[in-house]
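A.B. asks: My questions all concern the structure below.
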Amino acid sequence: MTDDTTGAPREPGGQWYDQEAGPLVRPYAVTGGRTAPGPSGVRFDLIALVALDPAAPADDDPALGPEHRTLIDLCRPETQSVAELAAGADLPVGVVRVLLGDLLERGRVTVSRPVPPAQLPDERVLREVIAGLRAL
(Lines give C-alpha, C1' and ligand atoms only; values in the text may rest on other atoms or scores of the structure.)
Protein backbone atom coordinates (compact mmCIF):
# COMPACT_ATOMS: atom_id res chain seq x y z
CA MET A 1 0.00 0.00 0.00
CA THR A 2 1.39 3.43 -0.92
CA ASP A 3 0.70 7.00 0.11
CA ASP A 4 -1.37 8.77 -2.58
CA THR A 5 0.54 12.05 -2.26
CA THR A 6 4.16 10.90 -2.13
CA GLY A 7 4.06 7.37 -3.55
CA ALA A 8 6.02 6.16 -0.52
CA PRO A 9 4.92 3.00 1.24
CA ARG A 10 2.39 3.73 3.96
CA GLU A 11 3.06 2.25 7.36
CA PRO A 12 0.37 -0.14 8.71
CA GLY A 13 -2.20 1.77 10.73
CA GLY A 14 -1.02 5.09 9.29
CA GLN A 15 -4.52 5.99 8.15
CA TRP A 16 -5.43 6.38 11.84
CA TYR A 17 -2.92 9.16 12.37
CA ASP A 18 -2.91 12.67 10.92
CA GLN A 19 0.29 14.72 11.12
CA GLU A 20 -1.55 17.91 12.10
CA ALA A 21 -4.46 16.52 14.13
CA GLY A 22 -2.77 13.60 15.85
CA PRO A 23 -4.45 10.22 16.41
CA LEU A 24 -7.87 9.90 14.80
CA VAL A 25 -10.80 8.02 16.32
CA ARG A 26 -13.64 7.22 13.99
CA PRO A 27 -17.12 8.19 15.25
CA TYR A 28 -18.38 4.61 15.05
CA ALA A 29 -15.59 3.56 17.42
CA VAL A 30 -16.77 6.09 20.02
CA THR A 31 -20.35 4.78 19.87
CA GLY A 32 -19.49 1.12 19.51
CA GLY A 33 -20.99 1.08 16.01
CA ARG A 34 -24.38 2.30 17.19
CA THR A 35 -26.23 4.99 15.24
CA ALA A 36 -29.41 5.33 17.30
CA PRO A 37 -29.65 6.71 20.86
CA GLY A 38 -30.95 3.44 22.28
CA PRO A 39 -34.32 2.08 23.36
CA SER A 40 -35.23 5.18 25.39
CA GLY A 41 -37.35 6.52 22.51
CA VAL A 42 -36.30 10.13 23.16
CA ARG A 43 -35.52 12.26 20.14
CA PHE A 44 -32.51 14.46 20.65
CA ASP A 45 -33.33 17.48 18.49
CA LEU A 46 -30.57 20.03 18.08
CA ILE A 47 -32.46 22.39 20.38
CA ALA A 48 -33.38 19.79 23.01
CA LEU A 49 -32.10 20.91 26.40
CA VAL A 50 -29.90 18.56 28.41
CA ALA A 51 -29.25 18.99 32.14
CA LEU A 52 -27.60 16.84 34.76
CA ASP A 53 -30.08 14.86 36.79
CA PRO A 54 -29.84 16.13 40.39
CA ALA A 55 -30.44 12.59 41.65
CA ALA A 56 -27.68 11.17 39.43
CA PRO A 57 -25.30 8.64 40.98
CA ALA A 58 -21.61 9.37 41.54
CA ASP A 59 -19.19 9.59 38.61
CA ASP A 60 -17.58 6.21 39.29
CA ASP A 61 -19.45 4.27 36.57
CA PRO A 62 -16.79 2.25 34.70
CA ALA A 63 -19.07 1.89 31.67
CA LEU A 64 -18.76 5.61 30.92
CA GLY A 65 -16.08 6.56 28.45
CA PRO A 66 -14.17 9.82 28.24
CA GLU A 67 -16.68 11.24 25.77
CA HIS A 68 -19.54 10.53 28.21
CA ARG A 69 -17.62 12.30 30.96
CA THR A 70 -16.96 15.28 28.68
CA LEU A 71 -20.70 15.66 28.07
CA ILE A 72 -21.36 15.43 31.82
CA ASP A 73 -18.73 18.09 32.49
CA LEU A 74 -20.26 20.38 29.85
CA CYS A 75 -23.70 20.04 31.49
CA ARG A 76 -22.37 20.59 35.00
CA PRO A 77 -22.42 24.43 35.07
CA GLU A 78 -25.68 24.90 33.13
CA THR A 79 -28.26 23.31 30.88
CA GLN A 80 -27.01 22.90 27.31
CA SER A 81 -28.66 22.20 23.97
CA VAL A 82 -27.60 19.15 21.97
CA ALA A 83 -25.99 21.47 19.40
CA GLU A 84 -23.98 23.25 22.12
CA LEU A 85 -22.84 19.92 23.55
CA ALA A 86 -21.69 18.71 20.13
CA ALA A 87 -19.73 21.92 19.59
CA GLY A 88 -18.28 21.92 23.11
CA ALA A 89 -17.22 18.27 22.92
CA ASP A 90 -15.99 18.66 19.33
CA LEU A 91 -17.97 15.58 18.29
CA PRO A 92 -20.46 15.00 15.47
CA VAL A 93 -24.10 15.51 16.48
CA GLY A 94 -24.94 11.88 15.67
CA VAL A 95 -22.29 10.67 18.10
CA VAL A 96 -23.49 13.07 20.80
CA ARG A 97 -27.06 11.79 20.39
CA VAL A 98 -25.94 8.19 20.94
CA LEU A 99 -23.84 9.15 23.97
CA LEU A 100 -26.71 11.18 25.44
CA GLY A 101 -28.94 8.13 25.02
CA ASP A 102 -26.46 6.17 27.13
CA LEU A 103 -26.41 8.89 29.80
CA LEU A 104 -30.21 9.11 29.83
CA GLU A 105 -30.54 5.35 30.30
CA ARG A 106 -28.10 5.49 33.23
CA GLY A 107 -30.07 8.31 34.86
CA ARG A 108 -27.26 10.86 34.50
CA VAL A 109 -29.10 13.50 32.47
CA THR A 110 -32.60 14.78 31.84
CA VAL A 111 -33.83 15.99 28.46
CA SER A 112 -36.52 18.58 27.89
CA ARG A 113 -37.81 19.66 24.55
CA PRO A 114 -38.80 23.22 23.80
CA VAL A 115 -42.46 23.89 23.10
CA PRO A 116 -43.22 23.23 19.42
CA PRO A 117 -44.37 26.35 17.53
CA ALA A 118 -47.75 24.74 16.84
CA GLN A 119 -48.48 24.64 20.59
CA LEU A 120 -47.54 28.27 21.25
CA PRO A 121 -50.39 30.74 21.65
CA ASP A 122 -51.53 32.49 18.50
CA GLU A 123 -50.17 36.02 18.09
CA ARG A 124 -53.70 37.32 17.54
CA VAL A 125 -54.79 35.96 20.93
CA LEU A 126 -51.81 37.58 22.64
CA ARG A 127 -52.60 40.93 21.01
CA GLU A 128 -56.21 40.68 22.22
CA VAL A 129 -55.02 39.97 25.76
CA ILE A 130 -52.69 42.99 25.65
CA ALA A 131 -55.51 45.17 24.32
CA GLY A 132 -57.83 43.92 27.08
CA LEU A 133 -55.20 44.67 29.75
CA ARG A 134 -54.70 48.17 28.37
CA ALA A 135 -58.45 48.77 28.46
CA LEU A 136 -58.51 48.12 32.20
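A.B. asks: How do the helices (runs of 4 or more DSSP H) wholly within the stretch 42-136 filter down when requiring 2 or more residues that are over 16 Å from the mean Cα position of the chain (by Cα): which remain? Reasoning before the result, please.
C.D. replies: On the way: elements: 66-75, 82-89, 93-105, 123-135.
Here the list reads 123-135.
A.B. asks: Say we look at the stretch 88-120 and pick out the residues that are among the aliphatic types (A, V, I, L, M) and more than 25 Å from Asp60 (Cα to Cα); which of these is modelled with the highest pLDDT?
C.D. replies: Applying the first criterion (among the aliphatic types (A, V, I, L, M)) to the stretch 88-120 yields 89, 91, 93, 95-96, 98-100, 103-104, 109, 111, 115, 118, 120.
The next check asks that each one be more than 25 Å from Asp60 (Cα to Cα); those that pass are 93, 115, 118, 120.
Working: Val93: 87, Val115: 67, Ala118: 67, Leu120: 69.
Among those residues, the one meeting the criterion is Val93.
The values are calculated or read from the model by the stated rules, or taken from the named source; none is laboratory data. For clarity, every value in this text was computed on a predicted model and none was experimentally measured.
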